[in-house]
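Input: a single structure, listed below in structure tokens.
Computed from the coordinates by the stated procedures, all read-outs in this text should not be read as laboratory data. On a predicted model such as this, the values are computed, not experimentally measured, just so you know. All Cβ positions, even for glycine, are placed from backbone atoms using ideal geometry, and neighbour counts span all protein chains on display.
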């Protein structure tokens, strides 16, 4: 599904990713853990297509198609979804309007029929219950006045609505309480399936108690320095990242 080969990327001329290679097959959930400054968020933004990140070498492909040749909206239409570490606010745009417009833009780009207003309303209300958002939140401007936890719930609502082929979760657990962590786990586990992949980026094991990954990778110094099973996350929680920083 997602294949990253010898990826090098720079921000403002400073190289952040230094030969990162990774493969996430369809149906799998892989977790990336690592210290601050190791390149975790850079990796997520490069995959999604943020334009101020300069790819200097290597490749990123989804189902054999290079993502680096596509604009961010084209990547989204192919099924790439990024859950931001710090979700943005869009004043003046109602939440349901924003989500329906984005959803139908993706469907249209794939040659699919757009979702009617009645069907959309039924589906979004059902998904909103799953993530713990009421109708009043859906009628407000997108993310405006929301707490940090409510913004993360809104991101999980978008993921549940879009049903992406490949979802990247960039420190979605940041600032979440136990109930919200459980909610994130419920959404991801409900979407897990043989045709969908996940890349979960996190500092801590706690999210992985609710989303059990198939593999865990340690990112340090711009490259993957160690890979293992779910038990690697527990090991990192105990030993920390110092040994990997030194090795990198």
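Key figures
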| read-out | value |
| --- | --- |
| Considering only the chain, percent of DSSP beta bridges that pair antiparallel, nearest 5 | 55 percent |
| Shape category assigned to region 70-128 from the gyration tensor of Cα positions, a/c cut at 1.5 | oblate |
| Region 53-88-region 182-248 distance, computed between alpha-carbon centres (Å) | 20 Å |
| Chain lengthening between residue 54 and residue 88 when straightened (0.36 nm per residue, less Cα-Cα) | 10.0 nm |
| Residue 209 versus residue 191: modelled label distance in nm, points set 7 Å from Cα along the beta carbon direction | 2.3 nm |
| Helix-only CD estimate at 222 nm, as mean residue ellipticity for the chain, using -39500 (n - 2.57) per DSSP H run (n ≥ 4) | -11500 deg cm²/dmol |
| Structure-derived volume of the Cα convex hull per residue in Å³: which label, when the choices are [x] 169; [y] 122; [z] 134 | [y] |
| Prolate/oblate/rounded call for region 1-110, Cα gyration tensor, a/c under 1.5 rounded | prolate |
| Rounded FRET efficiency, nearest 0.05, which uses the C-beta distance separating residue 10 from residue 239 and R0 of 35 Å | 0.70 |
| Three-way shape label, region 142-181, alpha-carbon gyration tensor, a/c 1.5 | oblate |
| Degrees, to the nearest 10: 178-191 long Cα axis against longest axis of the chain | 80 degrees |
